[in-house]
Amino acid sequence: YNGISDESYGHAKELAARPRGPYSPQSRICIAYVGRLDTDKSTMRLIKIAKRCGDAKIPIKIEIYGDGPARHDMEQCARNYGILGSLVQFHGFVDSPLEVMAVADFTILTSNAEGIPMSVLESMSCGIPPIVPAVGGIPEMVRHGVDGFLCEISDVHDEDHKIEMFVDAITLAAHLEPGSYRDMQQNCQITVNDRFRSMHHDYSQLLQKATP
């Protein structure tokens, strides 16, 4: 189901409550990608986004957690750009996605198509704002500038323009004041708690009503 259970939400709240230093984009923004590395997720964009941010002197590092058929080409591209290990780091598969999301400043998703991605719900449940494309059900999950950042890529055909939209969103993130970032974190948890935590229960109720 696409929803956050009481158990996972409880753990996410514990992670969100852990002490962390003040949000300071002047040092470096940590952006985490957690998921499969494949062409249908357009994950090569992560490397191009990192390169473009580096060229623009935006202080970021993209931490990539996951594996898949696109990993080799992504690593090679990052190596060719000279950003492997500095602006992009690969960590492979992880058993506890909430743990790695909770220590990031933002998470990111780069797909052209999505439904209601669990990685976004998990990120928000930890109080970590997502930077995501405005596709599928994502605009119903994330409010731009309130609990994350939306990139309007649906009607864009030029790949470079799509990359720029993600870079623009990261630039907005880099200019957030610490107080605004804390508000965004709180809004993430409120959104998940109010709208998505009990979706599995809601689905079950609908199915019961539909069953003769």
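Between helix 199-210 and the chain there is an angle of about 40 degrees, using the helix long axis and the longest principal axis of the Cα atoms.
Evaluate region 76-140: find the radius of gyration of its Cα atoms, find its Kirkwood radius, and give the ratio Rg to Rh. It would help to have the intermediate numbers written out before the result.
Numbers: Rg = 13.5 Å, Rh = 13.3 Å.
With Rh from the inverse mean 1/r over Cα pairs, Rg/Rh is 1.02.
Give the shape of region 1-113 as rounded, prolate or oblate, defined through the alpha-carbon gyration tensor: a ≥ b ≥ c are the square roots of its eigenvalues, a/c under 1.5 means rounded, and otherwise the shape is prolate if a/b is larger than b/c and oblate if not.
Values: a/c = 2.25, a/b = 1.30, b/c = 1.73.
Because a/c hits 1.5 or more and a/b fails to exceed b/c, region 1-113 counts as oblate.
The relative contact order of the chain comes to 26 percent, based on Cα pairs under 8 Å that sit 6 or more residues apart.
Please state the shape class of region 130-169: rounded when a/c is under 1.5, otherwise prolate if a/b exceeds b/c and oblate if not, all from the C-alpha gyration tensor. Don't skip to the answer; put the middle values down first.
Details: a/c = 3.26, a/b = 1.54, b/c = 2.12.
Oblate is the answer for region 130-169, as a/c is 1.5 or above yet b/c matches or exceeds a/b.
Suppose a student asked you for the relative contact order of region 26-123, using Cα pairs under 8 Å spaced at least 6 residues apart; what percent would you report? Numbers along the way, then the final one.
Values: 145 pairs, mean separation 39.0, N = 98.
Result for region 26-123 is 40 percent.
Helix 71-81 sits at what angle to the longest principal axis of the chain, using alpha carbons and giving 0 to 90 degrees rounded to 10? Orientation of helix 71-81: about 40 degrees from the principal axis. Surface composition of the chain: carbon and sulfur make up 50 percent of the accessible area, probe 1.4 Å. The long axis of helix 44-55 is offset from the longest Cα principal axis of the chain by roughly 50 degrees.
Given a 1.4 Å probe, how much area per residue of the chain is accessible, in Å²? The partial results should precede the final answer.
Values: 10340 Å² over 212 residues.
Per-residue accessible area for the chain comes out at 49 Å².
How many lysine pairs does the chain hold where the Cα atoms are under 30 Å apart and the two sit 8 or more places apart or on different chains? Pairs that pass both the separation and distance tests number 13. Taking the Cα of ARG182, stepping 7 Å toward and past its beta carbon, and measuring to each backbone N in region 19-56: which are under 14 Å? Flagged as within label range: 19-24. Restriction of the chymotrypsin sites (Phe, Trp or Tyr not before Pro) in region 51-130 to DSSP coil positions whose beta-carbon has at most 16 other beta-carbons within 10 angstrom yields PHE93. For region 82-189, the Cα gyration tensor yields ellipsoid semi-axes of 20, 18, 16 Å (square root of five times each eigenvalue, largest first, whole Å).
For the chain, adding -39500 (n - 2.57) for each run of n ≥ 4 DSSP H residues and dividing by the number of residues yields -13500 deg cm²/dmol at 222 nm.
A crude spin-label estimate for the pair LEU206 and SER24, with each label 7 Å from Cα along the Cβ direction, gives 4.6 nm.
With the largest listed first and rounded to whole Å, the semi-axes of the equivalent ellipsoid of the chain from the Cα gyration tensor are 28, 20, 16.
The values are calculated or read from the model by the stated rules, or taken from the named source; none is laboratory data. Values in this document were obtained by computation on a predicted structure and should not be read as measured data. With ideal geometry, Cβ positions are generated from the backbone for all residues, glycine too; neighbour counts draw on all protein chains shown. Heavy atoms of the whole protein, side chains included, go into the accessibility calculation; ligands, DNA and RNA do not. Shrake-Rupley method; radii C 1.70, N 1.55, O 1.52, S 1.80 Å.
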